[in-house]
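To keep things clear, I will list the structure first and then write my remarks on it.
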Amino acid sequence: RKGSRTPCSNSGLIFSTMLASAAAPANLKSMPAGTTAAYALFLGSGWAVYHFVANQEFSAILTLAVMLQCLGFALLGLQVLMSRSSRGISGRALALDALALFFRLSSTLWLNGYLPVDASGDFVFQAVDILSLVLVLVLLRKIFVDRQGDDSDADSFPIFPAIAGSILLAGLLHADMNNRPIFDTLWMSGLFISVVAVMPQLWLISKTGGKVEALTAHYIAAMAASRALSGIFMWYARFDITCAPLLGSFNHAIWAILGAHALHILLLGDFGYVYFKAVMQKGLAAPIDLISDCNV
């Protein structure tokens, strides 16, 4: 594969710390059994992939990132199953997530440029993304079959300009890790679209009074944690990511990639503060009110 392995002498400690902090927050006993099982399954499978598939390579952090994303979608699915309603979940956000996953898979299913260099990039990474796409499509079907009227009106973020802008920017700023401009552009489009995918959900929350069901909040937090882990990997691999420079020898692609990750974290900054504050005060099973909890 293009690129080299990222050196990290204490990668096992870093991985274990990230795994624990991302998926095992305090007060697990307060969560429903299904939610606890989802977190436990993530922890167990993440540990197994890291030790037995990736052979403790640092690049497994990228596979962990997509596993966290899949966990987020699974938590949304649990919310729908337990509440028998899709209220409070943005269909437009999930539509963007589905498109982003499709674009990423169009590259990673048969090209190696943007995969982890360890063995988890041979099949686990792609299998998790396929599972994520299936979960998202099932959720979308549920949302558009029994969409609550008030949510339908509030879930109105304009996604088509976001899609068009993401594809245009990707066509300009893509890397060349696949050595195939179309699929390099599709991968970068998937990244950009996945960053803006959080905006319809935040838009819906703001339009419906700032109240967030517990599992919807966990979904948003899992997406943020996924992006943080992916960003850490990209930072360590920044010297291995190449492009055809537009200006002199400036590598615009890696800074576009890192900038997209930073933007995603920035968009979720206020939510993340309120989320962790609410979790510490109320536990993991309590819904979050972004207005009242922010003022506590």
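The values are calculated or read from the model by the stated rules, or taken from the named source; none is laboratory data. In this text, all values refer to a predicted model and were calculated from it rather than measured experimentally. For neighbour counting, all protein chains shown are included, and Cβ atoms are generated from backbone atoms with ideal geometry for every residue, glycine included. We work out accessible area using only protein heavy atoms, side chains counted, and drop any ligands, DNA or RNA first. Shrake-Rupley method; radii C 1.70, N 1.55, O 1.52, S 1.80 Å.
Out of LEU247, LEU266, LEU258, I need the residue that is under 18 Å from the mean Cα position of the chain (by Cα), at pLDDT 85 or above and open to solvent by 70 Å² or more (accessible area, probe 1.4 Å). Which one? Result: LEU266 is the single residue among LEU247, LEU266, LEU258 that is under 18 Å from the mean Cα position of the chain (by Cα), at pLDDT 85 or above and open to solvent by 70 Å² or more (accessible area, probe 1.4 Å). Within the stretch 133-145, count every residue that is open to solvent by 50 Å² or more (accessible area, probe 1.4 Å) and at pLDDT below 95. Total meeting the criteria: 4.
For LEU71, the criteria (1) closer than 29 Å to PHE52 by Cβ; (2) without any contact (Cβ under 8 Å) to a residue 40 or more places away in the chain; (3) not hydroxyl-bearing (Ser, Thr, Tyr) hold in every case but one, which is (2). Look at (1) open to solvent by 30 Å² or more (accessible area, probe 1.4 Å); (2) in contact with a helix residue (DSSP H, G or I) (Cβ under 9 Å, 6 or more places away or on another chain); (3) modelled with pLDDT of 95 or more and you find that THR36 fails only one, number (3). Being assigned to a helix (DSSP H, G or I) and open to solvent by 40 Å² or more (accessible area, probe 1.4 Å) is a property that ALA127 has. When PHE157, PHE144, PHE192 are checked against the criterion of being aromatic (Phe, Trp, Tyr) and touching a Pro at 6+ places or on another chain (Cβ under 6 Å), a single residue qualifies: PHE157.
Restricting ALA278, ALA253, ALA244 to those that are in contact with a Cys (Cβ under 7 Å, 6 or more places away or on another chain), in contact (Cβ under 8 Å) with a residue 12 or more places away in the chain and among the small types (Gly, Ala, Ser) reduces the list to ALA253. Scanning the stretch 41-57 for residues that are in a helix (DSSP H, G or I) and either touching a residue at least 24 places away in the same chain (Cβ under 8 Å) or in contact with a Cys (Cβ under 7 Å, 6 or more places away or on another chain) (or both) yields PHE42, LEU43, GLY46, TRP47, VAL49, TYR50, VAL53. Picking from residues in the stretch 65-85 that are over 26 Å from LEU229 (Cβ atoms) and of a type outside the set (A, V, I, L, M, F, W, C), the one that is least open to solvent (accessible area, probe 1.4 Å) is SER85.
All conditions but one from (1) touching an Asp or Glu at 6+ places or on another chain (Cβ under 8 Å); (2) in a loop (DSSP other than H, G, I, E, B) apply to SER156; the one that does not is (1). Residue count for the stretch 230-240, restricted to those that are more than 14 Å from GLY259 (Cα to Cα) and either assigned to a loop (DSSP other than H, G, I, E, B) or open to solvent by less than 40 Å² (accessible area, probe 1.4 Å) (or both): 3.
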